[in-house]
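Since the structure comes first, as structure tokens, the remarks are kept for the end.
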Amino acid sequence: MKLQALILFVFTLILPQMSLAQPELTFSDEIKAQFEWVSNPQVGSESLLHLKFTDTEGNPVELSADPSVVLWMPDMGHGSAPTSVEKNRDAAGNVVAGEYQISKIYFVMPGLWEVRVERQISENAVETQSFTIEL
């Protein structure tokens, strides 16, 4: 019984510190979207995400229109409340090219979630790329 309690204690210390795999999406125009969780996704509280768009060499890319981020549960056929997408700013308040802060990310229940990123790739075309996480 003491061993089980010790193992449980260790996991409660280690699991919150473990970082999630940082996904990278590539759109048809070869623009990459890189993600970093500012606060790891969890059910029942707000999660925050940093989103950065780059070219194939890693240089920042300024988009012609702000992207949108949509949360969707494919197994359940529903999503969550809309997220908020804001351009990232440096310490002086200047906009950082190609970088966004995504807030109001609420995973309302455990399960498989898709994080969908929609961005305008031409005047008449919007493309959606996504990655999944299991909560």
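Readers should treat all values here as calculations from the given coordinates under stated rules, not as data from a laboratory. Worth saying up front: this structure is predicted, and the values here are computed from it rather than measured. Cβ coordinates were reconstructed from backbone atoms using ideal geometry, including for glycine residues, and neighbour counts include every protein chain displayed.
Numbers for the structure displayed
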{"quantity": "Ascending count of other beta-carbon atoms within 10 Å, so fewest first, for His50, His78", "calculated": "His78, His50"}
{"quantity": "For Phe131, Phe53, order by how many other beta-carbon atoms lie within 10 Å, fewest first", "calculated": "Phe131, Phe53"}
{"quantity": "More than 15 Å apart - percent of Cα-Cα pairs taken over segment 28-134", "calculated": "64 percent"}
